[in-house]
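*Asks:* Below is one structure. I have some questions about it.
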Amino acid sequence: MENLYLNTAKLYDADNRAVFSADIPFYQERANRLGGKTLELACGTGRITIPLAEKGIHIWGLDYSSSMLEVLEAKVSKLSEESQQNIHSLLGDMTDFTLSEQFKLIFIPFRSFQSLENDEEALQCLSCVHRHLEDDGQFIINVFKPIKEIGEWWINRNEHLDFESTLEGGEKVRRHSIKKAYDLQKRLLFTDFIYRLYKNDGIIEEYHDSIRLRYFYGDDIRKLITSSGFTIKEEYGWYDGTPVNEGNEYIFVCSKA
């Protein structure tokens, strides 16, 4: 199965790219402004969940990968009691969930919505979001923006270095990616990740996982959102407010229609 990070969840947080951290203050500000309860879908290892909880935000985090949630729970165990009480982590499917709460803010960060393979799954997810969002709440969704129409140019079967970083114990981590295939009909991109862990004793460990992401052009994602009972109130191309037509991302801030 893809997108579960079964083999590499423990190294997921080694990512030191700007795209891995620039969204945290964006969601913190939104959650603080709105007040109330927050729901993060595809919360993963708690990259955003934990900083929000440490700011006093009551946040529910749902994820489909037990491997990712194990990392989250280990990190939560080291937090203050107050921060721990602010976090409610759940194993679940963002296309089919029912919670007893409604939320002032619901967000799907870091392109995780693109894990859904087709319109049916996407619409099921958006329906769940709509049902759990308070009438005056906000829903924020992020997907990456293709730099041009996907085609053969996207394929690169050579290893590409995505990042290199150092863990707390001093070991180095390098992640390489291989863009191995695409499906124009289904709008899917298939990528292999290779994490190499360089340990202090000289041993190199290697871990592999694959991801499958569905790409969206602007009109595609807008149509899905608005057909699900939302109005798009704001659009950005990056988390600093860059206009949507200038940035590398699609960030949509939505309300119930």
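No value in this document is a laboratory result; all are computed from the given coordinates. Model, not experiment: these values are computed from the prediction. In this analysis, Cβ positions are derived from the backbone assuming ideal geometry, glycine residues included, and neighbour counts consider all displayed protein chains.
*Asks:* What is the Cα centroid distance between region 22-54 and region 134-175, reported in whole angstrom?
*Replies:* For region 22-54 versus region 134-175, the Cα centre distance is 19 Å.
*Asks:* Could I ask something else about it? Given a cut-off of under 8 Å on Cα pairs at least six residues apart, what relative contact order in percent is computed for region 152-214? It would help to have the intermediate numbers written out before the result.
*Replies:* Working: 124 pairs, mean separation 16.7, N = 63.
With pairs under 8 Å counted, the relative contact order is 26 percent.
*Asks:* Additional query: Report, for the chain, the % of DSSP beta bridges that are antiparallel, rounded to 5.
*Replies:* Details: 43 of 60 bridges.
Rounded to the nearest five, the antiparallel share is 70 percent.
*Asks:* Right, another one. In this model, which of Lys223/Lys256; Lys78/Lys199; Lys10/Lys55; Lys233/Lys256; Lys37/Lys145 are farther than 18 Å apart at the alpha-carbon? Please list the in-between numbers first.
*Replies:* Working: Lys223/Lys256 14 Å; Lys78/Lys199 24 Å; Lys10/Lys55 24 Å; Lys233/Lys256 10 Å; Lys37/Lys145 29 Å.
Where the Cα-Cα span goes over 18 Å, the pairs concerned are Lys78/Lys199; Lys10/Lys55; Lys37/Lys145.
*Asks:* Follow-up. Pull up the DSSP beta bridges for region 78-220 and report the antiparallel fraction as a percent, rounded to 5.
*Replies:* Within region 78-220, antiparallel bridges account for around 85 percent of the total.
*Asks:* With the convex hull built on the Cα atoms of region 32-169, state its orientation-averaged projected area in nm². Write out the running numbers ahead of the final one.
*Replies:* Working: hull surface 44.1 nm².
Average of the hull's projected areas for region 32-169 equals 11.0 nm².
*Asks:* A further question on this structure: Compute the relative contact order of the chain as a whole-number percentage, counting only Cα pairs closer than 8 Å that sit 6 or more residues apart in sequence. It would help to have the intermediate numbers written out before the result.
*Replies:* Values: 526 pairs, mean separation 47.7, N = 257.
With pairs under 8 Å counted, the relative contact order is 19 percent.
*Asks:* Another question, if that's okay. For region 1-46, list log₁₀ I(q)/I(0) at each q in 0.15, 0.23, 0.25, 0.26 Å⁻¹, using the Debye formula over Cα point scatterers of equal strength and ignoring solvent, two decimals each.
*Replies:* Normalising to I(0) and taking log10 leaves -0.54, -0.96, -1.03, -1.06.
*Asks:* Can you work out the base-10 log of I(q)/I(0) for the chain at q = 0.09, 0.18 1/Å, using the Debye formula on its C-alpha atoms alone?
*Replies:* With no solvent term, the Cα-only Debye profile gives -0.40, -1.63.
*Asks:* Shifting gears a bit: Give me the compactness ratio for region 152-214, meaning the Cα radius of gyration over 2.2 N^0.38 Å.
*Replies:* Values: Rg = 14.3 Å, N = 63, 2.2 N^0.38 = 10.6 Å.
The reported ratio for this selection is 1.35.
*Asks:* If you don't mind, there's one more thing I want to ask. So what's the back-of-envelope 222 nm ellipticity for the chain, counting only DSSP H runs of four-plus at -39500 (n - 2.57) apiece and dividing by all residues, rounded to 500?
*Replies:* On the way: 6 runs with 57 residues, N = 257.
It comes out at -6500 deg cm²/dmol, rounded to the nearest 500.
*Asks:* Compute the relative contact order of region 78-173 as a whole-number percentage, counting only Cα pairs closer than 8 Å that sit 6 or more residues apart in sequence. Don't skip to the answer; put the middle values down first.
*Replies:* Details: 70 pairs, mean separation 27.3, N = 96.
Over region 78-173, the number comes to 28 percent.
*Asks:* In whole angstrom, and with the biggest value first, how far do the Cα coordinates of region 180-257 range along each principal axis?
*Replies:* 57, 33, 23
*Asks:* Can you tell me the length gained on complete extension of the stretch Leu90 to Leu184, counting 0.36 nm per residue apart and subtracting the Cα distance? Present the calculation step by step, with values, prior to reporting the outcome.
*Replies:* Values: separation 94, 0.36 × 94 = 33.84 nm, distance 3.37 nm.
Here the answer is 30.5 nm.
*Asks:* While we're looking at this one, here's another question. Please report the Cα spread of region 1-84 along all three principal axes, rounded to whole Å, starting with the longest.
*Replies:* Here the Cα extents, ordered largest to smallest, are 37, 28, 20 Å.
*Asks:* Counting residues in region 115-162 as N, plug N into 2.2 N^0.38 Å and put the Cα Rg over that result. Show your work: numbers first, answer last.
*Replies:* Values: Rg = 16.5 Å, N = 48, 2.2 N^0.38 = 9.6 Å.
That ratio works out to 1.72.
*Asks:* Turning to a different aspect of this structure: So how far, in whole Å, is the C-alpha centre of region 201-257 from the one of region 180-196?
*Replies:* 17
*Asks:* On to the next question. In what order do Thr191, Thr98 fall by count of nearby beta-carbon atoms within 10 Å, going from fewest to most? All intermediate terms of the calculation are to be shown ahead of the outcome.
*Replies:* Details: Thr191 19, Thr98 8.
Least to most surrounded, the residues fall as Thr98, Thr191.
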